[in-house]
Amino acid sequence: TPAPSPPSTPKQLPFAKQLQISTKSLPKIKKRSSDVIGKLDSGATHHYTRSCDANSLRNKIPTLNGPSVQLPNKTFLSSSREGNLNFPAGLSKFGTHAYEFPGITNSTLVSVGQLCDDDCVVVFDKEIALILKNGHVLLTGERNPDDGLWDIHIPNISHHSANAVIRSDKTKSDL
């Protein structure tokens, strides 16, 4: 007699529907050409930034005893600075903490494990990724058709800001 057939399983819906998340409720990410594009990485133990992406870090300080990483060519890199990625509110300092590595050349890496350790849930489907915390979507990413990985936009921090503009022909008392 033939082997019994497995029970039929319902067709899987996109995860947004499974989680009852409307795509209309997803946060609108203002993507700027100056944004850093980070790759969601389930194998990275921490968030790692390239030196050229260091403008996405807040509270930068030199790293005294930071981690070292081994590259595929068996060379080691040591971090030079650390800080916090410029992610939206809702993530703790631990969840945003990142190390800068001068020798990383391809992409800034966003650690899925570090996000999960900060009580986030990270969900992927074939097109998008969602980072949720306490039932709220904090970050979204999209699948890059060129490399098949999920990209996250990380805003650069502008160091050029002004609290007021004062005309040089006026004194403070004239204003």
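The values are calculated or read from the model by the stated rules, or taken from the named source; none is laboratory data. These numbers were taken from a predicted model, which means no experiment stands behind them. Note that each Cβ is placed from the backbone with ideal geometry, even for glycine, and that neighbours are counted across all protein chains shown. Ligands, DNA and RNA are excluded from the accessible area calculation, which covers all protein heavy atoms including side chains. Shrake-Rupley method; radii C 1.70, N 1.55, O 1.52, S 1.80 Å.
What the table below lists for this structure:
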item: Only one of P67, P72 that is loosely packed, with under 12 Cβ neighbours inside 10 Å, more than 13 Å from the chain's Cα centre (by Cα) and not hydroxyl-bearing (S, T, Y); result: P72
item: Cβ-Cβ under 7 Å pairs, at least 6 apart or on other chains, region 53-66 side farther than 24 Å from I37 by Cβ, far side open to solvent by 20 Å² or more (accessible area, probe 1.4 Å) and assigned to a strand (DSSP E or B); result: I61/R81; I61/E82; P62/R81
item: Complete set of residues in region 38-62 that are open to solvent by 60 Å² or more (accessible area, probe 1.4 Å) and not in a loop (DSSP other than H, G, I, E, B); result: C52, N55, R58, N59, K60, I61, P62
item: Residue in region 106-124 that is surrounded by 18 or more Cβ atoms within 10 Å (Cβ to Cβ), in contact with a strand residue (DSSP E or B) (Cβ under 7 Å, 6 or more places away or on another chain), over 13 Å from D41 (Cβ atoms) and of a type in the set (D, E, K, R) present; result: no
item: Residue among P155, P88, P102 that is modelled with pLDDT under 90, closer than 17 Å to R50 by Cβ and either surrounded by 16 or more Cβ atoms within 10 Å (Cβ to Cβ) or under 13 Å from the mean Cα position of the chain (by Cα) (or both); result: P155
item: Meets criteria (part of a strand (DSSP E or B), touching a Ser or Thr at 6+ places or on another chain (Cβ under 9 Å) and among the charged types (D, E, K, R)) for E142; result: no
item: Hey, G103 outside any strand (DSSP E or B) and either more than 16 Å from A89 (Cα to Cα) or among the β-branched types (V, I, T) (or both) or not; result: yes
